[in-house]
Structure formats: structure tokens, C-alpha cells
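Below: one structure, written as C-alpha cells.
The values are calculated or read from the model by the stated rules, or taken from the named source; none is laboratory data. Just so it is clear, the model here is predicted, and its values are computed rather than measured. Cβ placement follows ideal geometry from the backbone for every residue including glycine, while neighbour counts extend to all protein chains displayed. The area values use the complete protein model at the heavy-atom level, side chains included, leaving out ligands, DNA and RNA. Shrake-Rupley method; radii C 1.70, N 1.55, O 1.52, S 1.80 Å.
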Amino acid sequence: MQSRNPMTTQHNSGTRDCNLYLDGGHDLASLDGDRLREECGLFGIYGHRDAAAITALGLHALQHRGEEAAGIVTFDGKFYHSERRLGLVEETFSKHHVIEQLPGQLAIGHVRYSTTGGTLLRNVQPLFAELNSGGFAVAHNGNLTNGITLRRHLVREGAIMQSTTDTEAILHLVACSRRGLFVDKFIEALRSLEGSYSLVALTNKKLIAARDPLGIRPLVLGELDGCPIITSETCALDIIGARYVRDIDNGEVLVFDETGSQIHKPFPPMAPRPCIFEYIYFARPDSIVGGRSVYQIRKNMGHELAREAPADADVVVPVPDSGVPASIGYSQVSGIPYELGIIRNHYVGRTFIQPTQAIRESGVKLKHNANRSVVAGKRIVLIDDSLVRGTTSVKIVQMMREAGAREVHFRIASPPITHPDYYGIDTPEREKLLAANHTVEEMRDIIGADSLAFLSVDGIYRAMGEKARDNVRPQFTDHCFTGDYPTPLPDQLDVERPPRQLSLLAEAS
């Protein structure tokens, strides 16, 4: 591809566009089939001679946010270079020759778990396009609640889509803008978006970061050797020895180029509503999100759970690894000893040989096994961070019973999930959410526990350092528990009106 600058783009894909088999089905070989799936992770750096290598390290730290695919785009002053692969970061970007194929001092990267679009190579980000003004790459964490609506209208206007991901709409909106400056084109595109987005973008001169008006998905600014870094979590700064500067504000657009940095605030001021699930599940425990220690918040949730839902038991057992901090907190407040009653095998990955159906049905446990010496003859309190379909909980309770547990009391360190998510979390439809269709007692009976209890909505707010939920102006995005969606959901309502920018283009033509 040739741009007007002129600059060409080199793409090194090397992996065919195909479906990717993921481990974690609903069988006894794994307890991961009922987990909430992470969204995506972003990383970008401006002006560093080792931009690609640093980006690869940052993505490695963010691997928990997306294990399906990874990609990096760099610019070396003349050419753009792109490497996008299915699979884990280490499978591609730990190789020296791959990093050598990504020269330049500007780089952005992305790890992906798909919530829109399939697991296809053409959907792997960062996405790149040659625009009238030159090359443009963008990576997105979140989900556009009007992505289908945008896509429909863009295609009607003549756009040719190369992927099935909502992120591609951003490329087309920027390309369609008649604004003069690139930053103005980018901001005009943002005005057409609904839902959640944290973005990192790259041109031949600029590194750009943007966060949606409510700040639903996280985004932070760091610094290494005088070079700015944009990333999803502070753990990505820690791995490279970078300094945390600040969180990027909700509704903020931050631009870095050779003249320095510019801050744009294109939206009316709004109170932030970050996603509560970043604290419950998605963020790494060693990250600081919104000025709060994720690890401490999860322990606080265990504290509140112990106060709200005590149990007469002998031992507290976490469901690994997500239930560990809350279990520690529950133990601290209840005085019940904390023990590792379930051991996880961390050396079984997606590529491990898949057992036959007969072996699966025999009850082989590839990833988790009961620690019988802790469980046998004991009354146990099992702690997990959330309950989705309930299939995992059934297996865990069964595992504890088979290991000799005398009683199994299940405690969930978050409220019941009664509504699906549309902001980047892969939750099932409402009819598949256990808590949306059953009472607590019915759920207890389904999973086979002696008792079951959840943390209340106000309890989770207290764990966050708030007195209670402000029902007029909620402090967090918590719709999965409350049904209070903070943005319009055009795709769910099948709204036919065109997005604002497209309406203006139609009028101008």
C-alpha cells in the first residue's frame, strides 16, 4: 500500500486467517469454562529506540486481559510495520527476529479477547489503514454499543469492511471526516461512538490516547526514559521499570508529538463511572486502578462478605486464582483459617493435548485438584469472585464432596449477575445467567452447596471505600448487578437513525 507521504506498510502476519480452538469448555477437565472473559489490553510508546521490545514486554504483563491474539504496529520514520498473530504474546513476540522486523521509535500494541467479531487473524489489532492524510493504526479496549449500527450505515455509505470487529468503524469515521487536522478528524469520529472505549492510536507523527466520557475502561499514562507510555494497567509499567504519571481522565484525548503533549476535552464534563468488574476480576491484583489497589479492594470485598454472610466452618478455601484475595479478607474478619484446598496446575495451557471424551467423562482434572489433606472431614467455606452460569460452581462443590468435605458453604465476593454486559465483557445472554433466572435458594440447590450467599451491592461499594451506592449518580458502572446501563444501547434497540457524523456527511453531500 502506498500513501501520499509517501510511506508504505509492511505486514508480517504469517498465520492463516482461521478459527482458534480455545481450552476451557464445560467439562471436568477444566474449571475455567464458566469464567467471565477479559476484554483487551493496550500499550503504546512514543520516541523510544526500543519501542517494539518495550511494547512486547508491556503486552506480556497485560496477557491476562486477552489470550486469543496479540499485535504490534510500529513506525520508523518512513515505513509502518505490523505483526499480528493468533495466540499468546510469548509465542510470537519473544522471538528476536520478530522484534527486529518492527523497527521505529513509535509503537502501539494490543492483546485481544473477542467480544465482537470472531477469533480471526483479520480481527487482530492494532488495525491499520492508509488514509488520505497518511497511515493510521488504532487499538481498542471496550465495546461500542452502536458498533452494529455504525457498521450498517458505513456500509450503506460505501465503506468496504475488512474485519468483523467494531473497532474498524473508527478507521472509517476518521477517513470520512472533512476536518482539516488529523486530531480534529479523530475527535469527530469519537463523537459518533456510544459505549465503552479506551483507545491508543498511531500516525506518522503522533501517539494518541482516548477514553470514553464515562471512563468505563481503564487507561493510564506512564513515562520511561523521558518517553510517554499509554497502557491499560500499571502492571505493564512495572514490568519495564516505567514511572506511573496519572490515569487518563474520562472523556480525555491526549496527543504526543515532537512538540510535546496536548490535552483535548471534547465532551461535556461528566462524573466518571469506571467498570466495577475491573476491581472484582479483570485487572491484575498488583495493578493500581483509579488510585485504588486492586489487591486491597479484593481483600476488602472478602471483609465485607464475612460480615454480611458468616459461616460456621473450619476452613476458608479460595477458588484459584480469582478467589484468593477475597478469601484472605474473609479469613481475616471471620477468624476461620485460610488454606489452599484446591491446587491449580499452572503448566497446562491452551495447546496441551485435549483428552478424549471418554477421558473427560472419567473425571480427569487437568488444571485443578482438591487438596484432600485440607478438605477431608472439614466444613469449608468456598470463596469465588463471581458466579455466572453456575457450571464451574457445580464442579467445584462436587470436587470438594469427593475429597471428603463434610459441609460446603459457597460465598461469592460480588452481587448476583442478573444482566448481560455490552461494554467489553463476554457475559452470556440473560437467560443463561443463573442469578437472572433463579432465587438464591434455587441456585444453592443447583450447585449442591449447603449454603450460598453473595456480597450485596452496597457491600461492594463499601469495599471500594464508598458509604453506599448513590442511586441517583452511581459511582461505578455496575449494570451487571443492577440493570442500570450508563450509556444508550442502540444495537440492542436496533435504532435506525444514522450516527450524528454520518448525518452531517449526508447533509454536506
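A few points about this structure:
- Distance between the range 88-160 and the range 452-494 - C-alpha centres, whole angstrom: 31 Å
- Reference-scaled alpha-carbon Rg (2.2 N^0.38 Å with N residues) for the range 157-197: 1.16
- Calculated FRET value between N371 and K205, using beta carbons and R₀ = 56 Å, to 0.05: 0.50
- Taking all protein chains as shown and a probe of 1.4 angstrom, K205 keeps an accessible surface of around 130 Å².
- Here each label is just a point 7 Å from Cα along the line to Cβ, and for R379 and R178 those points are 7.4 nm apart.
- Candidate cross-link partners of K367 among the aspartates and glutamates, defined by an alpha-carbon separation under 20 Å and a same-chain spacing of 8 or more, comprise D23, D27, D32, D34, E38, E67, E68, D321, E339, D384, D385, E402.
- Once the 1.4 Å probe is applied to the protein heavy atoms, the range 210-262 comes out at 31 Å² accessible per residue.
- Listed cross-link partners K95/K205; K185/K205; K299/K395; K432/K467; K185/K206 are compared with a 22 Å cut-off, the Cα-Cα value being larger for K95/K205; K299/K395; K432/K467.
- Rounded accessible area per residue of the range 269-342, 1.4 Å, Å²: 36 Å²
- Taking 0.36 nm per residue of separation and subtracting the Cα-Cα distance, full extension of the segment from D445 to I343 would add 34.2 nm.
- Apportionment of accessible area to carbon and sulfur, the range 369-416, percent (1.4 Å): 47 percent
- Averaged per residue, the range 37-146 has 29 square angstrom of accessible surface, using a 1.4 angstrom probe with ligands and nucleic acids left out.
- Reported value for the range 177-321: 139 Å³ per residue, from the convex hull of its C-alpha atoms.
- Put a dot 7 Å past the Cα of E402, heading toward its Cβ, do the same for L489, and the two dots end up 3.8 nm apart.
- Portion, in percent, of the accessible area of the range 236-344 that falls on carbon or sulfur, probe 1.4 Å: 54 percent
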